[in-house]
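Participant: Below you will find the structure I want to go over with you.
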Amino acid sequence: MTASPPRKSASKPPRSRAREFAIQALYQHLVGRQDAEAIDAFTRDLSGFNKADAEHFDALLHGCIREAAELDALIEPLLDRKLQELSPIEHGVMWIGAYELRHAMDVPWRVVLNECIELAKAFGGTDGHKYVNAVLSALAPTLRPAEVAADRAAGKARG
């Protein structure tokens, strides 16, 4: 297995770093069909992993792989193409977004979207982040209906 470490930034929070390592690990799973444990061990040895939130990385890597079919079932109806036509990066980023929307209730839905958009910009194709944004924006009201509605209502009140 080979991978380059995520782009370095002194100000990146540990959870953002965990997401960067998770997208690389999920890419290895989606493209190489490598075992989660082997990917996990490899990723932990990468430069900079010590600055990532290891617990969040574990949740993302193992949770996304374990729940792959469920996450795909959430994502697929929102796509304008077949799931198999997604780039592995877009697919992995959407898994991370759907997983966090389902399980990381301490992360506001807009933060989940923003983090996933940044992952898609950093690791994906030119306009992949726009597609990720559209799909996850459509998914958020399904997985976090009260939070999204309250946030949008507050936005209208301000605007």
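Participant: Counting pairs on different chains as well as pairs 8 or more places apart, how many Lys pairs in the range 14-158 have Cα atoms under 28 Å apart?
Facilitator: Going through the range 14-158 pair by pair, I get 5.
Participant: Going by alpha carbons, how many degrees (0 to 90, nearest 10) lie between the helix axis of 54-66 and the longest principal axis of the chain?
Facilitator: Approximately 80 degrees, to the nearest 10.
Participant: Then there's this: What is the calculated FRET efficiency for L46 to S11, with r their C-beta to C-beta distance and R₀ = 25 Å, to the nearest 0.05? Please list the in-between numbers first.
Facilitator: Numbers: r = 20 Å, r/R0 = 0.78.
The computed FRET efficiency comes out at 0.80.
Participant: Please report T142, T43, T126 as a ranked list, fewest other C-beta atoms within 10 angstrom at the top and most at the bottom.
Facilitator: Ranking T142, T43, T126 by Cβ neighbours within 10 Å, fewest first, gives T126, T142, T43.
Participant: If one takes the longest principal axis of the Cα atoms in the chain, at what angle in degrees, from 0 to 90 and to the nearest 10, does the Cα axis of helix 88-103 lie?
Facilitator: The answer is roughly 60 degrees.
Participant: Which of R17, R33, R44 moves the most in a Gaussian network model of the chain with Cα springs under 10 Å?
Facilitator: The residue with the greatest mean-square fluctuation here is R33.
Participant: Which of A120, A36, A22 ends up with the largest GNM mean-square fluctuation for the chain, with Cα atoms connected below 10 Å?
Facilitator: The residue that fluctuates most here is A36.
Participant: Still on this model: Of Y27, H103, A146, whose Cα points farthest to the positive end of the dipole of the chain (charges on the beta-carbon: +1 Lys, Arg; -1 Asp, Glu; origin at the Cα centre)?
Facilitator: A146
Participant: Moving to a separate point now. Mind giving me the nanometre distance, one decimal, between the label points for H62 and A154, set 7 Å out from Cα along Cα→Cβ?
Facilitator: Simple spin-label model gives 3.3 nm for this pair.
Participant: With each label point set 7 Å from Cα along the Cα-Cβ vector, what nm distance links T126 and A38?
Facilitator: 3.5 nm
Participant: So what is the 222 nm mean residue ellipticity for the chain from helices alone, if each DSSP H run of at least 4 adds -39500 (n - 2.57) and you divide by all residues, rounding to the nearest 500 deg cm²/dmol?
Facilitator: Numbers: 8 runs with 110 residues, N = 159.
Helix-only estimate at 222 nm: -22000 deg cm²/dmol.
Participant: Something else about it: Of all trypsin sites (Lys or Arg not before Pro) in the range 78-143, which ones are in loop regions per DSSP and have a Cβ with at most 13 other Cβ atoms within 10 Å?
Facilitator: Details: sites: R81, K82, R102, R110, K121, K130; in loops: R81, K82.
Passing sites in the range 78-143 are R81, K82.
Only the coordinates and a few stated rules stand behind these numbers; no lab work does. In this text the structure is predicted, and so the values were computed from the model without any measurement. Neighbour counts run over all protein chains shown; Cβ positions are idealised from the backbone, glycine included.
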